[in-house]
Amino acid sequence: MPQTLFLKLFNVSAPPASDFRNQNVFSNPISTKAKFHTRMEVICRGMLTPRKFMQKRRKVEVFKDEADEADQKNWRRLIKEIDESGSAVSILRSQRTKNQALPRELILGTLVRFKQLKRWNLVSEILEWLRTQHWWDFSEMDFLMLITAYGKQGDFNKAERVLSYMNKKGYVPSVISHTALMEAYGRGGQFNKAVAIFRRMQSSGPEPSALTYQIILKSFVEGNKFEEAEEIFRTLCNDESSPLKPDQKMFHMMIYMYKKARDYEKARKLFSLMVERGIQQSTVTYNSLMSFETNYKEVSNIYDQMQRAGLQPDVVSYALLINAYGKARREEEALAVFEEMLDAGVRPTHKAYNILLDAFAISGMVEQARIVFKSMRRDRCTPDLCSYTTMLSAYVNASDMEGAEKFFRRLKQDGFEPNVVTYGTLIKGYAKENNLEKMMEKYDKMRVYGIKANQTIFTTIMDAYGKNIDFGSAVVWFKEMGSSGVPPDQKAKNILLSLAKTDEEQKEANELVGHPTGSSEKTVNGFSSKFNDDDDDDDDDNDDDNDDGLLSLNNDLKQSREGIQSLSINSL
């Protein structure tokens, strides 16, 4: 993290970000805490300062004449009506008067607009209607757009039918139509047929284009056909036999594939190969590398490399760095990055705000979290259920269950329906307070609303009963987990083993988790040393932060990390 970032925000001589928490700045720990929170609150309130990008700018439009202005406004109204209704043909029909043909510019503009919006269902609907209209000359380009639209939707049956009709009409097979059909098969899960078309194009034409290779790689990666994708990419990298060189998008797709396969070493090698081959790297490339790392220092180093390369961070770059600092409980650095993002004129997204909110919620910093929550509305990022649940977790982690209950009521008053993560956050809070009555009250209410418990909730209740009642109660909930169709994960097994104290309890716990009675592993208190109390406590601390309603909130924050590479996918 650049040192100047903190100089700018705090107007003091700040240490490097990597050493920020290790400096013994204050001699009095109580004073340290007070000054830290005071400064954090002051800086947080700085988020409420209006930014240039938030100011509404009135767009000045220039029209040729009054007729042109009327046509433009009429077209925009038409697009809005189609978008709101979800159907195009009925709206277009209403535009015709006395069976007169619709202006060609209006039709083409509408098709182009919905193509830009990737509303392929509307594009195909309009084109199918135009095929039946005598006043419209349905050309080869219209057929190609239609087959492309079906390809994007994965509707290979209709794509096949259109291509067959084109062949009957004598149209020459084109790379566009074959690539579209190949994509249709790929999106529809018909990978063998997609490969067959691709191989046929290689052998007998039309010759695959760069887009063809991008789409076949994308189809394989999204279908988890990693070996097939590797084979094609390996061929492209062979300078002697390859018909063309892999481009930036192909490299991004392969990096994304290795991210999915959790083979980070190969992803890093691809990054180096891009440099060797002179492939231009982009912000998406560096974002991909940042998403692999879990250590905030590594994420910060890659962020600095990106800036030294002359690339501007985007909202995803900032979100990744904020997330890394937040998970490391370095809230001040997380806020500094967020402020830097605002100053750079980058508009925060819901996920960026939720990540910053989570950085404060993890540490139970309610006041700071509330300011972030308030800032969302000011920036026209209306908080969603994930935002509300994260804010709720801030109260829970601050051991303020009264505040949590008040905010839970506000959540419902604002029109949101609590989900399993929302209830799990409250259940976790009462479990920490050893208030089993309130914990079960929330559990029962959740079940009344038809919400099924997940692994986290079952494990939390099992742990609470085991610590406050007896081991037998914990066993009951461990078995309930399995009977409810939620197999116990390793954390649940670890906790059950840690709750067993007597030899008899340890024997029963080993049987339940599937450990052989005569295991040769070293034991601590009668069970495997890898499940000792110290290690388990550490795991619990991490899992409390990440599993129990924080970063696991509807997987939104996970998607914000794993969705980095999808930027390159969506651009294909």
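The values are calculated or read from the model by the stated rules, or taken from the named source; none is laboratory data. Keep in mind that what you see is a predicted model, and the values were worked out from it rather than measured. So basically every Cβ, Gly included, is an ideal-geometry build from the backbone, and we count neighbours across all protein chains shown. Please note that ligands, DNA and RNA were not included when accessible areas were found on the heavy atoms of the full protein model with its side chains. Shrake-Rupley method; radii C 1.70, N 1.55, O 1.52, S 1.80 Å.
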*Look through Glu333, Glu367 and report the one residue that is part of a helix (DSSP H, G or I), on the phi < 0 side of the Ramachandran plot and surrounded by fewer than 24 Cβ atoms within 10 Å (Cβ to Cβ).*
Glu367
_Condition first: among the small types (Gly, Ala, Ser), in contact (Cβ under 8 Å) with a residue 24 or more places away in the chain and farther than 26 Å from Lys225 by Cα. Now tell me which residues in region 165-202 satisfy that._
Ser174
*Which ones in region 146-185 are under 19 Å from Arg199 (Cα atoms), within 30 Å of the chain's Cα centre (by Cα) and either aromatic (Phe, Trp, Tyr) or not in a helix (DSSP H, G or I) (or both)?*
Phe156, Tyr185
*Taking the options Ser272, Ser288, name whichever one is open to solvent by less than 60 Å² (accessible area, probe 1.4 Å), out of contact with any strand residue (DSSP E or B) (no Cβ under 8 Å at 6 or more places or on another chain), of a type in the set (Ser, Thr, Tyr) and closer than 23 Å to Val346 by Cβ.*
Ser288
*Filter region 174-201 down to residues that are surrounded by fewer than 22 Cβ atoms within 10 Å (Cβ to Cβ) and among the polar types (S, T, N, Q) and give me whichever is farthest from Ser219 (Cα to Cα).*
Ser174
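For Tyr264, state whether it is of a type in the set (Ser, Thr, Tyr), open to solvent by 50 Å² or more (accessible area, probe 1.4 Å) and within 24 Å of Ile322 (Cα to Cα).
It is true that Tyr264 is of a type in the set (Ser, Thr, Tyr), open to solvent by 50 Å² or more (accessible area, probe 1.4 Å) and within 24 Å of Ile322 (Cα to Cα).
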*Here are some conditions: (1) under 20 Å from the mean Cα position of the chain (by Cα); (2) within 26 Å of Arg199 (Cα to Cα); (3) surrounded by 16 or more Cβ atoms within 10 Å (Cβ to Cβ). Phe251 meets all but one. Which one does it not meet?*
(1)
*Would you check if there is a residue in region 410-433 being small (Gly, Ala, Ser), in a helix (DSSP H, G or I), surrounded by fewer than 16 Cβ atoms within 10 Å (Cβ to Cβ) and over 27 Å from the mean Cα position of the chain (by Cα)?*
no
*Tell me, please, whether a residue that is small (Gly, Ala, Ser), open to solvent by 30 Å² or more (accessible area, probe 1.4 Å) and in a loop (DSSP other than H, G, I, E, B) can be found in region 469-480.*
no
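Here are some residues: Ile232, Ile215. Which one is of a type in the set (A, V, I, L, M), closer than 22 Å to Gln248 by Cβ and touching a residue at least 60 places away in the same chain (Cβ under 8 Å)? Walk me through it before giving the result.
Values: Ile232 fails: touching a residue at least 60 places away in the same chain (Cβ under 8 Å).
After ruling out the rest, the residue left standing is Ile215.
Is it the case that region 100-119 has a residue that's free of Cβ contacts under 8 Å to residues at least 60 places away in the same chain and touching a Ser or Thr at 6+ places or on another chain (Cβ under 7 Å)?
Looking for residues that are free of Cβ contacts under 8 Å to residues at least 60 places away in the same chain and touching a Ser or Thr at 6+ places or on another chain (Cβ under 7 Å), one finds none in region 100-119, hence no.
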*Can you pull out the residues in region 442-463 that are out of contact with any Phe, Trp or Tyr (no Cβ under 8 Å at 6 or more places or on another chain), in a helix (DSSP H, G or I) and surrounded by fewer than 19 Cβ atoms within 10 Å (Cβ to Cβ)?*
Asp444, Arg447, Val448, Gln455
*asked:* Tell me whether region 516-529 contains one or more residues that are open to solvent by less than 20 Å² (accessible area, probe 1.4 Å) and either part of a helix (DSSP H, G or I) or at pLDDT 50 or above (or both).
replied: no
*Scope region 236-276; condition of a type in the set (D, E, K, R), part of a loop (DSSP other than H, G, I, E, B) and closer than 18 Å to Asn224 by Cβ; matching residues*: Arg262, Asp263
